[in-house]
1. Give me, ordered by chain and number, the residues 5 or more places off residue 168 or on other chains with an amide H under 5 Å from its own placed amide H.
2. Suppose R0 equals 41 Å. What FRET efficiency, 1/(1 + (r/R0)^6) with r the Cβ-Cβ distance, do residue 407 and residue 571 give to the nearest 0.05?
3. Just want to confirm a number: the relative contact order over the chain, from Cα pairs under 8 angstrom separated by 6+ residues, in percent.
4. For a quick check: with amide H placed at 1.01 Å from N, whose amide H comes under 5 Å from residue 455's, ignoring anything fewer than 5 positions away on the same chain?
5. Once Rh is set to the Kirkwood radius over Cα pairs, what Stokes-Einstein translational diffusion coefficient, in µm²/s, holds for segment 407-557 at a temperature of 10 °C and a viscosity of 1.306 mPa s?
6. Where does each of 210, 517 land when they are ordered by accessible area, with a 1.4 Å probe and the largest first?
7. Dipole of the chain, Cα-centred, from +1 at each Lys and Arg C-beta and -1 at each Asp and Glu C-beta, to the nearest 20 debye?
8. Find which of 345, 133, 500 sits farthest along the positive direction of the dipole of the chain, computed with +1 on the beta-carbon of Lys and Arg, -1 on that of Asp and Glu, about the Cα centre.
Amino acid sequence: MYTRASHLMLMLLALMISACGGGGNSTHSTPTEEVPETPVEPSNPEPTDPEPTDPEPTDPEPTDPEPTDPEPTDPEPSDPLMVNGDFENGEVSPWVGNSGEVVLTNISSQSRSGGNSLQISGRTQNWQGALYGLTNRVVEDSTYHISAWVRMDNVASSNVSMTVKVSDGNGDNYLPLAQGTATDTGWIELAGNYTVATSGEVAEIAFYIEGPDAGVSYLIDDVTVTDINDDDLLRVDVEHLSALVEFPIGVAVPAGDAGNSVLNSPERQAIVEQHFSQITAENIMKPSYLQPSEGRFFFDDADALVAYANNNGMSVHGHALIWHFQIADWMANYSGDAQAWQQMLEAHVTEVASHFEGQLDSWDVVNEAFLDDGSYRNVDVGNDLGSVWYQNIGPQYIEYAFNAARAADADVDLYYNDYNISWNDTKLDAILTMAQDFLDRDIPISGIGFQMHVDKSGPGKAKIKQQFQKVVDLGLKVKITEVDLRMNADGRATTLTNQLLLQQKARYQEIVEAYIETVPPSLRGGISVWGIADPDTWIVPLYGNPDWPLMFDDQFQPKPALQGFANGLAVIP
């Protein structure tokens with residue numbers, strides 16, 4: 001840009017040339033300096049006719065020109081942070097081996113999510129592996145969360161690690177980022193934060209996965225690089241979550257005499273009414289609440305909650321008719337033979353289901369009847385409580401409950417509900433064997449409820465889809481009944497960081513995507529979150545660590561997880 005002084009000089013010279021009769025055409029080029037973000041003084045002052053005085057030009061008094069350079073800003077990276085981190089395009093690029101021997105192959109025989117992953121083979125040293133360049137993707141002084149999922153390919157297990165390589169004015173530096181033990185039976189996450197701090201001319205910034213012995217091949221998938229302070233990623237722009245789909249989007253709510261009852265909490269009501277189309281009672285519809293003593297039923301609290309749902313255009317999912325836990329003392333200590341126990345169970349189910357006939361969309365008829373090894377819950381085993389129902393009736397108690405529920409309400413959907421079945425093949429397969437038997441014998445069952453109490457690390461999207469597909473193949477509905485995400489299982493975190501917020505956002509999104517991509521519309525029973533906001537979680541009292549499993553924080557404000565949930569719903573074609 002021109003300064004004022006130089007501009008005045010040009011005007012005077014022009015007048016002198018004109019007075020001398022100079023002819024011809026003259027051109028000049030416009031300055032190409034970058035325009036600053038803040039305005040500067042205009043370079044063209046108002047024209048004034050000079051007084052005809054001495055023709056000799058005089059230099060104006062020197063002044064400090066206005067600064068024309070823009071305020072320094074952080075440079076923007078020229079390339080996106082991550083390209084081909086899920087390998088779904090069938091390609092390898094821009095990944096490369098960090099030495100000539102390494103062979104990278106995009107394969108479709110194994111993946112954590114989607115259909116593909118990257119196989120790393122041909123390794124002759126333990127430091128060799130797949131490398132991803134960050135040189136033109138990251139910005140000095142910014143912090144990035146780098147995550148990669150790893151699985152062994154041709155050995156049962158091996159130590160693996162993630163390393164950042166920086167080549168700058170200080171030479172080559174190698175920064176350990178994460179390490180762990182990978183197996184050939186599942187995926188583990190390697191994740192850590194890297195803050196860009198270079199010196200002098202930067203030749204290379206990259207990260208790579210290394211560690212297994214020579215000759216060992218491994219797989220990687222779902223690699224992400226995230227700027228943990230990126231406001232766009234942290235932003236939440238969801239007006240009404242449940243309005244995005246036609247199937248129920250639900251939430252478990254405290255009620256009755258609970259100190260945090262939704263019926264006495266305007267903050268909780270605002271969240272529920274804005275974002276959810278279905279509610280589940282956390283406790284007040286369980287056996288110990290509805291029949292505290294034999295033959296005496298108490299429906300006041302449950303009726304009030306159902307009325308609240310009806311008044312606000314929401315449906316209700318009932319939880320739960322029969323469970324081995326939270327039963328009244330008289331039930332636990334009931335005396336009688338198998339027939340007497342059967343009659344007692346059927347009387348409870350009949351009375352409760354009849355009372356709510358036509359008022360509920362669905363019931364968890366039986367909850368958690370199987371152990372993780374696929375056997376029926378029987379006697380106490382370690383931390384697994386036994387079931388008085390199985391002990392006194394046998395496995396037939398489950399079908400007795402379903403038959404009684406259908407006899408009491410002809411239209412309500414009837415679910416079997418359990419935990420760990422989003423990843424535990426043995427347990428889910430046992431449940432589906434029972435369900436197939438029910439279908440073969442016309443025992444009424446509408447679907448399977450996946451509790452989905454999972455954590456930030458797994459199970460992966462591909463595994464979840466595989467488990468959903470097994471239920472879909474039977475023609476049964478799939479309902480996620482109690483999803484929440486344990487974010488601090490190892491107890492290392494003391495505060496909720498941006499990194500955790502973004503991890504939680506991604507996990508909610510991939511769980512919801514797995515549901516939408518696998519379960520056809522006719523079999524979608526809905527997705528429900530177990531709790532309104534973080535102060536309501538059951539996880540902190542049980543495990544003792546700080547944790548933030550839900551989509552709203554302790555101030556009842558939406559977290560990025562809500563946006564992740566909404567993004568997951570957006571995959572509907």
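The values are calculated or read from the model by the stated rules, or taken from the named source; none is laboratory data. The model shown is predicted, which means the values in this text are computed figures rather than measured ones. Cβ sites come from the backbone with ideal geometry, for glycine too, and all protein chains shown count toward neighbours. Heads up: the accessible areas ignore ligands, DNA and RNA and are worked out on the full protein's heavy atoms, side chains in. Shrake-Rupley method; radii C 1.70, N 1.55, O 1.52, S 1.80 Å.
1. Excluding prolines and chain starts, which carry no amide H, the hits are 173, 203.
2. 0.55
3. Details: 1118 pairs, mean separation 60.7, N = 573.
Relative contact order for the chain comes out at 11 percent.
4. Those lying under 5 Å, H to H, from residue 455 are 486.
5. Reported coefficient: 97 µm²/s.
6. Ranked from most to least accessible, the order is 517, 210.
7. For the chain, the charge dipole is close to 2480 debye.
8. Result: 345, furthest along the dipole toward the positive end.
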